[in-house]
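**Student:** My questions all concern the structure below.
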Amino acid sequence: MNVQTRVAGLLKNPRAEWPVVAAERDGVQAIYRNYVLMLAAVPAVCLLLRLAEVAPATALAVAISHYVAALVSPLIAAVILERLAPRFDSAGNTVQAFKLTAYASTPTWLAGVFYLFNALTPLTVIGVLYAIYLFYLGLPVLMGTPPDRVVPFMVVAALVLVVLNIVLRSITSTMGVPSYGL
């Protein structure tokens, strides 16, 4: 799997890319090593560069906590999705669920370039919206979710991901790492 080809496929033609992803034999480790570690670094590095100018003492801590959260979230979400799948007549395993959460996160990680400029940070919502669309398209392919169960599964998954995000932010804030409105 070539990172550039995968990103282009997910962004340009996700309906064709998801079946390719589903058929791949890569495990969680390979996806982390060859994809997630690199793309999840985009927002963290951009945050580091932006905050180093105004808050150099905390810039590294914020960037590291953002990166760690970006690395942990897809795996935790995948485990939860796998556990929820039978309730929505779905049958994915941890690897398929991880593929879904990791690859659907691509636009949010790429939108991290907007962190370079404070005024552009709100544009990260574009990445989030496209990630939701990717998740919607990928759920039936990777988890075998029937069409009439996709939206309910997505709603529950979204709630889980919001709670997960809140928990991760709470953990980092108790460690004294500010979020800078992110």
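**Student:** Hey, fewest Cβ within 10 Å first, where do ASP89, ASP26, ASP148 land in order?
**Tutor:** Details: ASP89 13, ASP26 16, ASP148 9.
With the fewest neighbours first, ASP89, ASP26, ASP148 line up as ASP148, ASP89, ASP26.
**Student:** Then there's this: For region 1-156, what's the relative contact order in percent, using C-alpha pairs closer than 8 Å and at least 6 residues apart? Write down the numbers at each step before the final one.
**Tutor:** Values: 188 pairs, mean separation 42.4, N = 156.
Here the relative contact order equals 27 percent.
**Student:** Going by alpha carbons, how many degrees (0 to 90, nearest 10) lie between the helix axis of 56-84 and the longest principal axis of the chain?
**Tutor:** Relative to the chain, helix 56-84 is tipped by roughly 10 degrees.
**Student:** Separate question: Looking at the chain from every direction and averaging, what is the projected area of its Cα convex hull in nm²?
**Tutor:** The directionally averaged projection comes out at 9.9 nm².
**Student:** Checking the a/c ratio against 1.5 first, then a/b against b/c, what shape does the Cα gyration tensor give for region 50-116? Intermediate results must be reported in sequence, preceding the final value.
**Tutor:** On the way: a/c = 4.56, a/b = 2.73, b/c = 1.67.
Since a/c reaches 1.5 and a/b is larger than b/c, the shape of region 50-116 is classed as prolate.
**Student:** How much length is gained if the chain between LEU37 and ILE166 is pulled fully straight, taking 0.36 nm per residue apart and subtracting their Cα-Cα distance, in nm to one decimal?
**Tutor:** 44.2 nm
**Student:** What translational diffusion coefficient, in µm²/s and rounded to a whole number, does the Stokes-Einstein relation yield for region 88-144 at 20 °C and a viscosity of 1.002 mPa s, taking the hydrodynamic radius as the Kirkwood radius over Cα pairs?
**Tutor:** Working: Rh = 12.1 Å.
Roughly 178 µm²/s, to the nearest whole number.
**Student:** Please report LEU51, LEU159 as a ranked list, fewest other C-beta atoms within 10 angstrom at the top and most at the bottom.
**Tutor:** Starting with the residue having the fewest Cβ neighbours, the order is LEU159, LEU51.
Readers should treat all values here as calculations from the given coordinates under stated rules, not as data from a laboratory. Note that the structure is predicted; figures quoted are calculated from it, not measured. Positions of Cβ are generated from backbone atoms using ideal geometry, with glycine treated the same way; all protein chains shown enter the neighbour counts.
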